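Here is the structure we will look at.
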Amino acid sequence: MYSYMEKRFVMFGVMIALLISLSACQTPATPTAPIQLTLLTHDSFAVSEGVLAQFEAQHQVQIRVLKSGDAGTLTHQLVLNQSAPLGDVAFGLDNTFISKALSANVFAPLSENTRQQAQAELNLPNEERVVAVDFGDVCINYDIAKLKELNLPAPQTWAELAQPTYAQLLVVENPINSSPGLAFLLASIAAHGEDGYLEYWQSLLANGAKVVEDWNTAYYSEFTRYGGTRPLVVSYASSPPAEVIFSEPRPNSAPTASITAPGMCFRQVEYAGVLQGATQPALAEQLVAFLLSETFQSDLPLQMFVFPARPNTLLPSEFSAYATLAEQPAQLDPARIANQREEWLNDWETVLLSK
């Protein structure tokens, strides 16, 4: 039998243990850090505030957006880091560069359900690793007021563009690093063939066309709209609505326009995919699917000034009023681009260096 004091000690010990147990139950658990997904993309990536937050809240994840220059630079970076990827999802590689990433096995396969969210004709045939997210036409844009001041109509053919009338008026991007620059080069190959495009470029450069490294330099430094000396610039047929929306005060009409004459534009499609070696591949594919959601797709036109790849997405009135698509864009088989892109670029660079 326990003595009175022993019973007191036993009861005291039980009470202490009970209090410790209750205290442990009431102590708030230390919150775990949310999973982080890294989205690799180009410098033109833009999204309205709160759009990505919807995905983050739904999946309890943080999205880190890592921009890597132009689409060409992004592609080179993905290929160089294929064995140790810098992120989980890549977005913004277009049909002028995507084959290089696919050849390097940068992307993992996507589900059929994810790929079916985009217009079928925009997806690459027999390719399950990437899905189309947006599209638009790369065309020559012109400063309407400046051409009027020079008493010049906008050129409507490749031949006109190389005539002395338009000497020193055009700026283009280097196709080796710039996706719009490469798109313009491919359009010239489609128009003049492999036997004639280099001769055409010789005449274009002899006529004073200027080559710069990227779109930002071409548009915001060389284009007359922003203090440059060139009223003709390789850009997008969806650039004019941006000129309206971001101008203060807002003009009644677009101050720039695109030359969408047959064969003068190249249709550019941007893709997204899950990178091989992604830390959270299932969640990464959910992010790719979100890029094709109505929420993200309806935000695209007034953020990145491209057309959404999701069928039946309603376009904002400001975008549809001023953005255009070429009725007959230049066409080149993606497989042909993949097989001959490096040869074309090397030959083009030889012409550039010899001028």
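Any read-out appearing in this document is the output of simple, stated calculations on the displayed coordinates, not a laboratory observation. Bear in mind the structure is a predicted one, so any value in this text is a computation, not a measurement. Every residue, glycine as well, gets a Cβ built from its backbone with ideal geometry; the counts of neighbours run over all protein chains shown.
Summary table below
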| quantity | calculated |
| --- | --- |
| Angle in degrees between helix 179-192 and the longest Cα principal axis of the chain, rounded to the nearest 10 | 40 |
| Cross-link pairs beyond the 31 Å C-alpha cut-off, checked among Lys100/Lys210; Lys100/Lys146; Lys100/Lys148 | Lys100/Lys146; Lys100/Lys148 |
| Extreme residue, positive dipole direction of the chain, given options Ser238, Thr41, Thr157 (C-beta unit charges) | Thr41 |
| Fraction of antiparallel bridges per DSSP, the chain only, in percent to nearest 5 | 60 |
| At R0 = 25 Å, FRET efficiency that the Cβ-Cβ distance of Tyr220 and Gln36 yields, to 0.05 | 0.15 |
| Dipole-positive endmost among Thr224, Gly193, Ala330 within the chain (Cβ charges, Cα centre) | Thr224 |
| Mean-position separation - Cα centroids, region 136-179 and region 58-120, in angstrom | 32 |
| Paramagnetic label zone (point 7 Å from Cα along Cα-to-C-beta, Leu66; backbone N under 19 Å) in region 76-101 | 76-94, 101 |
